Every structure is written in structure tokens, then in C-alpha cells.
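Quick notes on the structure that follows.
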There are 2 protein chains.
Amino acid sequence: MTTMKEIAEKTGVSVSTVSLVLNDRDEGRVKSGIADQVRAMAEKLGYKPNPLARSLRTSKTRILGFISEEVATTPYAGGIILGAQAAASQLGYMLITVNTDGEDSEDEEITALKRYGADGFLYAKMSNRYTDVPESLTSTPLVLVDATDSRGRFPSVEPDEVHIAYDATTRLIEAGCQRIAYIGCSEPMLAQDRRLEGYRTALEDAGRGYDERLVRNVLNNGPALQAVSDLFDEQRPDGFFCFNDARAWYVYECAARRGLTIGKDISVIGVDNHRVLAETLEPQLTTVELPHFEMGYWSVRKLVSMIEKRDLDDIATPETTAPLPPLDSPIPAMIRCTLIEKGPVAQRA
Amino acid sequence: MTTMKEIAEKTGVSVSTVSLVLNDRDEGRVKSGIADQVRAMAEKLGYKPNPLARSLRTSKTRILGFISEEVATTPYAGGIILGAQAAASQLGYMLITVNTDGEDSEDEEITALKRYGADGFLYAKMSNRYTDVPESLTSTPLVLVDATDSRGRFPSVEPDEVHIAYDATTRLIEAGCQRIAYIGCSEPMLAQDRRLEGYRTALEDAGRGYDERLVRNVLNNGPALQAVSDLFDEQRPDGFFCFNDARAWYVYECAARRGLTIGKDISVIGVDNHRVLAETLEPQLTTVELPHFEMGYWSVRKLVSMIEKRDLDDIATPETTAPLPPLDSPIPAMIRCTLIEKGPVAQRA
DNA sequence: GTGAAAGCGCTAACAA
DNA sequence: TTGTTAGCGCTTTCAC
């Protein structure tokens, strides 16, 4: 690894000059001829700054910590991490992903990261809910991802849950569905509340009544299948909006048992949390893809703008291959989601 | 953050002495009274070494890089990462997880990690196959996880694929299945070859013939469902061993369409790569759980033993909550897998 | 046994 | 406009 010292020697200047030039702080301080020489030499020797040494001096590491409980158990976090990494590498940061399977290891991992000098943290949950931020995180720049600080102290970047449900429900209405059910989540959760709201609003905007008999909020377990089964028998819905993969699968399963064809007899739109829909039921159902990538991407930009105390609107995207959101938009807190029509949605008279 | 300097001042000794003591290199070099004082003061001030400063001096960072393409897209990597993190934190290392969605970003991320001074790398694939190690990784200690170096230069830690298939097939035989099918993978892959071998050996050990008409190697796509469907009609198998989730789902689907009950008419054992089985089909199928956690765990130990050029048999597990493999065992290259009987396996006469 | 001193690679006052 | 100096927190000879 070449050092500034080597460059200085080979160019016949001092290290400080090299430092100045290579950090682009040479404007009006170093003669441009010299500066060019230095840059050329750095290029020639393939100089790369040693981030450790720099950090030791500046006490800024350009390291970002990504904390999540779910990296390990769902592919859900995947897109978020990809997006976060894209933004981080774009901005010259390194993203360190840490998963804290339990409460115990959490603080431990966080302090480890802090000792390594992380400049800031992302704290990601797996489904939008009010969240208590661990105490150890409150003293550093922090952005919540797919979560909302229960005490309102920290900014967050989340999917636009109301719109998810509104769009899905509207799609079902437009397809001609008459009795549209919502299979929700019975745990208290922001995402659930807002999706129910979007579902309801869509119905009302279309001049339909909201009928709570068509709403079943269930858990991810045995009784859930029964509840959905009952819904089929009692209400005979012809359209379903489902909170997530598992719930969409219950509908799929119930339909199969009754000989109902999806796309003909009933239409199903599900939110694809765990990629189960994408991976197995793909041809059968229409899915809403959560904006994982975008959430990761924008939360990193938000975090970095907090750390560097400036807007990032000037930072363009030079050589990234990943699909990036338009960079001229300001950093959003809510992100619209994409409805993906992979499977058939029945068109009725 | 307290520094050694502070401890030195408050104790009235020099930094070098403090360094000696706090690194346990004081035996016979520092009077034990002094040493105790230093330790007490360090404890009192809550001293934590600054890893950056240390690394700058020693050019060892105790950072491990975990490179994978699939962290982002499957939950498969999750267990591996958990295991790797458990081992790393046990051994005083920090694990940096990096996913390289495409070929392009891979080298970039690796060099970034190298500049941060990673002491070694884990290179993980998503299913056991011969793998070309990226050139940029060949100059640092490296362990492959769930993959085999195509040029045989680097050690790897993998599931015992033959046994997976042998055990699953044997289980089906013991349950009384007469016509046991294997739904495999048509891509060339170590895991596929070895599982086919295990399937075959189990049949032969049981005095059964191997009938290649009962084997269907398919891809993860549309025609696959048709192929499995044909298998049902042509061969009427009553037992299935499936390469992974998606393939198990094809069987599940075909059975459902024919009104066959799993656990009564047919038995299905699938390898749970993507947690789809665990999350949606859990009550229906018997799954083989790949030893993700263990793979991560043991590969880190292997890597660290390479880095530190010593055995790790003396390192015990003090305060980890995660389930750890027994620590007295030597580092294994192949890891046995667990067959999980979640669903019914038909018992026939 | 202990401490002084040098240095890892870099940045930033301050001098010149 | 450039170089000198000091120092980030730590480890490691080498004198004493």
C-alpha cells in the first residue's frame, strides 16, 4: 500500500502538501503545477488513503452501522441493505450490517460498532411499527427504517402504508370485484392501522360502504387459516387484499380447497414481505412490492446528511449499476410502493 | 472514551506499562502490585481499547469480511451470518457483511474491505457448488462457506449433502414408501450430485433398486411444475425427496390438484433453503434444515485459526446466548444436517 | 521491572 | 504557497 509519504518523497514535496492536494483542499493554497504532479504520482502509484489512519486523526470513520433484528430471518431486509449499500458507497461510506437476534446481543454489538467509531446508525424493523430506540443509540445520529420512533425523537423512512392499501383496493375495485376483503394483522401495528385506513378510504372513494365483516385480522398461525376459511364461507368475497405473504397463502389455500380459480373466481393482491409470493406463488397472485431498496437508499442519504450537516442534492450517481431513485428529489420520509401484476386479476362485468 | 494515557497518569505509571498490563503481557515484566492497580483503574474508568489506533500500529484489525451474493435475496444466508457473528464475537472479531448483488460491485466492495484492513474473508454461496474465488480474495486468508473452491486452494465448510439425501430417503423407506422419487436440480451442482448419490445409496442399502424414472431434475420455473406433474401421472410415487423449497412446493401443488393428502397418500421431505417451507408449508411437509448456523460458526473459527495460525480448542464460550455447537469438537469441514419432522410422514404397512 | 522514544498514516495549526 | 511540527491512541524496541 502506497502512503502519502512515498508520494511526497517521489514528488519532492512534503506530506502536508500531498494531504492538501489529495483532499482537494489545495485551491489557492498549492500551485496547480505541483498539485498536478502530486495527483499524477498518486494515480501512478495507485494510492488509496488508509481509512484507519485518517479516522484516528479526524475521529470520523465514514462507517455506518445498520442494526436489524431480522436480517437473519427474512429476506425482507435484503432490499433495504442493497439500497443502503448503494447509497453508502455512492457517498463514500462503508455500511456495517449487524443483526441482533435477541435483546441481549443488541447493546453488545452496538457498543462494538461504536468503538469502531461508527458515525451514525440505521435502525431497521421488519414491519412498520412504533419502536423504542435502544438507549445506546440515542447519542449518535440515527435514522429509523420501516419503523417510527415511539417518542418522536428520530427521523424515519417508511413505506406509504395508506397508499399501498388504497392502490391495491382500488385495483380490485377497477377489476370489478364486488366484495373485497382485507386479511389483516391482529397485532397492533402502524402498518396495519394505515393499511386498514387505505382499504377503507379506497372503498369509500369508490362509493362503496366499508363492511367490517369483510375484514379479518389474524395472526400468523393455525387459527388464521380457519378464520380465512370462515370468511370464504360466510361472506363469499371475490377480491382480497392481504397484509403479507402468509396471509395471501391462506387465501390461496382456501381457494384451492374450494376449487376456486384465482384470476377468474377471485382476485388476490398481497404484500410481499418475505418474498414467498415472488418465489412460489408468483404466477398466481398479484403482489405489492414494498420499496425496500428505496427505504435503504433514502435512509442512508438522510443519515449522511445529518452527519455531515448538509443537503446532499449535489451528489450525483456516477457509476452505480443498481437501479437508483432519481437523485433530484429531496429525501422523502414516506415512499410510494409498487404494485406488481404478476398474476391475473379477474376482470368482471 | 478513556485512553491508556489517562490510566497511566491516574496510576502514576507510563503508558507502556499500561499497555503491557492490559494486553496480559505483564507476566514477569511488571510487578503484580502495579499490574493490579492498573487493572483496577482501567476497570474503574471503563477503559475500552481503541481498535483503530491498535490496528494502525499492528496492522491487524480483527475485522472479518463476509462476502455473499445472496444475503440480499434469500433468508438462507441469515443463519450463516448469525453463526458467523456468534463465533466472531466469541473470538473478539468483528464481522462485516457485504453483499455483492452483481459481479461489478464485488471487487469494489472487497477492495473497500481490504482498505479497512480485514484480516480475512468468508466467501459464501447459496448452494454447494464449485466456485471460482475472485482474484482479489486470493491473497488474504479465506474460507469458503457452502461452496467448494474449483481449484482446491482454499478450505471450505459445507453441509454433508450425501447424508442429507441418505437420511431423508431412509426416512421415507422406513415409513413404508414404495416408490420414492427425487425432485432434483438440473443445474450442475455439487449439492445435486451428492444428494442424488445419497438418495441412490440409501435405496441400494435398503435392497431397493435405483430407478431413474423416479428422478426428475428440474429448474425453478414453469416447466418444472409440468415435469413434476408428469411424474405423478406416469410413476405414481408415494414418497418424495425434494432438492429445495420450490421443488417441494411443486409436489405439494400437484398433490393438492389430485386430491392426494400429504401424510396419508404421499410423504414429502424437502430441504428448506429459503424458509418457505418453514414459513408457509410447515404443517404439511417434513423438512431438512440445512446447518446454516453451524456453517457460519465453524467457518469463522476455521478462518480465525488460519489468521492466528493456531488451534482454537482452548477458546470457550462464556456469555453467548445463541445455540453453539460443542466446542470440544475439532473444526469440521462437513456438517451433518437435521431432519425436522414438522409434518406427517405416512406410515404404511 | 519500568519508562522514554519512535512510529503506524494521516490531518491541521502554525511558521516561514 | 509550502514545510515544520505536533499529535490521534496504541505497540514495541531499547535503555535504564
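The values are calculated or read from the model by the stated rules, or taken from the named source; none is laboratory data. This structure is a prediction, so every number in the text was calculated from the model and none was measured. Positions of Cβ are backbone-derived with ideal geometry, glycine not excepted, and every protein chain shown enters the neighbour counts.
Considering B:LYS48, B:LYS60, B:LYS44, which residue is surrounded by fewer than 16 Cβ atoms within 10 Å (Cβ to Cβ) and without any contact (Cβ under 8 Å) to a residue 40 or more places away in the chain? I'd like the intermediate steps shown before the answer.
On the way: B:LYS48 fails: without any contact (Cβ under 8 Å) to a residue 40 or more places away in the chain; B:LYS60 fails: without any contact (Cβ under 8 Å) to a residue 40 or more places away in the chain.
Only one candidate qualifies: B:LYS44.
Condition test on A:SER19, is it near DNA strand C (Cβ under 10 Å from one of its atoms), of a type in the set (Ser, Thr, Tyr) and within 14 Å of chain B (Cβ to nearest Cβ)? Let's see the steps before the verdict.
Numbers: near DNA strand C (Cβ under 10 Å from one of its atoms): yes; of a type in the set (Ser, Thr, Tyr): yes; within 14 Å of chain B (Cβ to nearest Cβ): no.
No.
Scanning segment A:169-199 for residues that are aliphatic (A, V, I, L, M) and crowded, with 23+ Cβ neighbours inside 10 Å returns A:LEU172, A:ILE180, A:ALA181, A:ILE183, A:ALA191. Within segment B:96-120, being over 16 Å from B:GLU308 (Cβ atoms) and either in contact with a strand residue (DSSP E or B) (Cβ under 7 Å, 6 or more places away or on another chain) or among the basic types (Lys, Arg) (or both) holds for B:ILE96, B:THR97, B:VAL98, B:ASN99, B:THR100, B:GLU109, B:ILE110, B:ALA112, B:LEU113, B:LYS114, B:ARG115, B:TYR116. Applying the condition of being free of Cβ contacts under 8 Å to residues at least 60 places away in the same chain and of a type in the set (D, E, K, R) to segment A:240-259 and asking which residue is farthest from the other protein chains (Cβ to nearest Cβ) yields A:ARG258.
Scan (1) in the same structural domain as B:ARG310 (by the TED database); (2) free of Cβ contacts under 8 Å to residues at least 60 places away in the same chain for the single condition B:TYR166 breaks and write down its number. Checking B:TYR166 against (1) in the same structural domain as B:ARG310 (by the TED database); (2) free of Cβ contacts under 8 Å to residues at least 60 places away in the same chain, the one that fails is (1).
For (1) within 42 Å of the chain's Cα centre (by Cα); (2) near DNA strand C (Cβ under 10 Å from one of its atoms), each residue gets a yes or a no:
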position	(1), (2)
B:MET1	yes, no
B:GLU6	no, no
B:LYS10	no, no
B:SER14	no, yes
B:ASP26	yes, yes
B:ARG29	no, yes
B:SER32	no, yes
B:ALA40	yes, no
B:ASN50	yes, no
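Annotation for segment B:53-60: at least one member residue is within 9 Å of DNA strand C (Cβ to nearest atom), outside the structural domain of B:THR138 (by the TED database) and touching a Ser or Thr at 6+ places or on another chain (Cβ under 6 Å). Only a single item in (1) of a type in the set (Val, Ile, Thr); (2) touching a strand residue (DSSP E or B) at 6+ places or on another chain (Cβ under 9 Å); (3) modelled with pLDDT under 90 is not met by A:VAL133, and it is number (3).
Any residue at all in segment A:206-220 that is assigned to a helix (DSSP H, G or I) and hydroxyl-bearing (Ser, Thr, Tyr)? It would help to see each step written out before you state the result.
As a first pass, look at segment A:206-220 and keep what is assigned to a helix (DSSP H, G or I): A:212-214.
Still in the list and also hydroxyl-bearing (Ser, Thr, Tyr): none.
Checked against the condition, which is being assigned to a helix (DSSP H, G or I) and hydroxyl-bearing (Ser, Thr, Tyr), segment A:206-220 yields no hits at all.
Among the strands (runs of 3 or more DSSP E) confined to segment A:24-140, the ones with at least 2 residues that are away from chain B (no Cβ under 11 Å) and on the phi < 0 side of the Ramachandran plot are located at A:63-68, A:120-124. Being in contact with a helix residue (DSSP H, G or I) (Cβ under 6 Å, 6 or more places away or on another chain), at pLDDT 90 or above and under 26 Å from A:GLU158 (Cα atoms) is a condition met by at least one residue of segment A:74-84. Just give me the residues in segment B:154-200 being charged (D, E, K, R) and over 20 Å from B:PRO291 (Cβ atoms), in sequence order. Matches in segment B:154-200: B:GLU174, B:ARG179, B:GLU187, B:ARG200.
In this structure, does A:THR74 turn out to be of a type in the set (S, T, N, Q), surrounded by 19 or more Cβ atoms within 10 Å (Cβ to Cβ), closer than 24 Å to A:VAL133 by Cα and touching a Pro at 6+ places or on another chain (Cβ under 6 Å)? The answer is yes for A:THR74. Taking residues in segment B:1-19 that are basic (Lys, Arg), and partners anywhere that are near DNA strand C (Cβ under 9 Å from one of its atoms), the pairs with Cβ atoms closer than 7 Å and at least 6 places apart or on different chains are B:LYS5/B:VAL15. I'd like to know if segment A:2-17 contains one or more residues that are touching a Lys or Arg at 6+ places or on another chain (Cβ under 8 Å), outside any strand (DSSP E or B), away from DNA strand D (no atom under 13 Å from the Cβ) and not acidic (Asp, Glu). Yes, some residue in segment A:2-17 is touching a Lys or Arg at 6+ places or on another chain (Cβ under 8 Å), outside any strand (DSSP E or B), away from DNA strand D (no atom under 13 Å from the Cβ) and not acidic (Asp, Glu).
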